[in-house]
Every structure is written in structure tokens, then in C-alpha cells.
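Here the structure comes first, spelled out in C-alpha cells, and everything after it is commentary.
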Amino acid sequence: MLKRRVGDLPLDFVLDDAAAMMPSLKLSSFERVVIVARISKNASAQSQSGDLEGTVGPVAVGASAVRIRIDRMVP
């Protein structure tokens, strides 16, 4: 999981085992993943109504030049 400010967008990032949501679920143990980017009004990791969100995937682990469009509001 990466936490950044809206002002940091657009953002280049690398997802590796250090970015795993849970240490026991390493990204390197998967072939493909779904990536979700969220802009949260209260900086919560949990999706909440009114957050802005975008999803891409599944993409191959190790893929480069992946673009995520934040294009919907969580109801």
C-alpha cells in the first residue's frame, strides 16, 4: 500500500513485496494483480462513500507503464 497526497499526482511508483497490504501476502507470489487508486477525504485506507477511485487490472506483476484513471466516486 502506498499513501501519497493528491498534489503528488501524477505519480510514478513501483509495487514490490514491500508494498503488500499484508506481509504474509507478497506480491511476488502472484502472477497478476488488480491495482486500485483512491483519493480519500479522510485519509482512510478503507473505501468510504464520496471517495474517488480508479482500478486497473488484472496486470502482470512486474508490468511497467501501468496507468490508473481515477474516474468514479464511491457511492
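The trypsin sites (Lys or Arg not before Pro) of region 1-60 meeting both criteria, a DSSP state outside H, G, I, E and B (loop) and at most 15 other C-beta atoms within 10 angstrom of the site's C-beta, are Lys3, Arg4, Arg5, Lys26, Lys41. With 0.36 nm allotted per residue and the present C-alpha distance subtracted, the Glu53-Met21 stretch has 9.8 nm of extension available. I'm spelling it out carefully: the read-out is percent of Cα pairs over 18 Å apart, the candidates are (i) 56; (ii) 34; (iii) 43, and one was derived from this structure. Which label? Identified label for the calculated read-out: (iii).
Residue-wise HN-Hα couplings along region 37-54, as the Karplus relation 6.51 cos²θ - 1.76 cosθ + 1.60 with θ = phi - 60° gives them from phi, are 10, 9, 9, 9, 5, 10, 6, 8, 6, 7, 5, 9, 3, x, 5, 9, 8, x Hz; Gly and Pro carry x. Projecting the Cα atoms of Val74, Met22, Thr55 onto the charge dipole of the chain, computed from C-beta unit charges around the Cα centre, puts Val74 farthest toward the positive end.
How big is the antiparallel share of DSSP beta bridges in region 6-73, given as a percent to the nearest 5? About 100 percent, rounded to the nearest 5. Computed about the Cα centre, the dipole magnitude for region 6-73 is approximately 180 debye when only Lys and Arg (+1) and Asp and Glu (-1) carry charge, each at its Cβ.
No lab work stands behind these numbers, since they all come straight from the coordinates. Owing to the predicted nature of the structure, the values given are computational and were not obtained by experimental measurement. Please note: Cβ atoms are built from the backbone with ideal geometry, for glycine as well, and neighbour counts cover all protein chains shown.
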